[in-house]
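The values are calculated or read from the model by the stated rules, or taken from the named source; none is laboratory data. Since this is a predicted model, take the numbers as computed values, not measurements. So basically every Cβ, Gly included, is an ideal-geometry build from the backbone, and we count neighbours across all protein chains shown.
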Amino acid sequence: MTAIPGDQDPSTLQLICDNCGRTMLLDPPSAHWWSLWEQALIAGWQGFNRRVGPHTCAHCVDGG
């Protein structure tokens with residue numbers, strides 16, 4: 001999927017898993033792609049380091 005504007009604040013980004021649709025937001029939310037992607041990698045997400053993806057959440061990476 002992709003990184004899209006956040007639900008609560010469109011100036012922020014959320015990451016969406018291509019497989020299951022899970023989302024990831026930073027706390028506090030951020031509009032900075034590299035901050036979101038860095039935290040996603042730490043949380044076990046995989047994919048290309050571009051906003052357009054594809055991206056896979058840790059749950060799906062583990063065979064979820």
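Observations on the model:
- Test result for residue 21, at pLDDT below 95, within 12 Å of the chain's Cα centre (by Cα) and surrounded by 13 or more Cβ atoms within 10 Å (Cβ to Cβ): no
- Against the conditions (1) surrounded by 12 or more Cβ atoms within 10 Å (Cβ to Cβ); (2) touching a residue at least 12 places away in the same chain (Cβ under 8 Å); (3) not small (Gly, Ala, Ser), residue 8 satisfies every one except (1).
- Subset of segment 25-64 (residues that are outside any strand (DSSP E or B), touching an Asp or Glu at 6+ places or on another chain (Cβ under 7 Å) and surrounded by 15 or more Cβ atoms within 10 Å (Cβ to Cβ)): 29, 53
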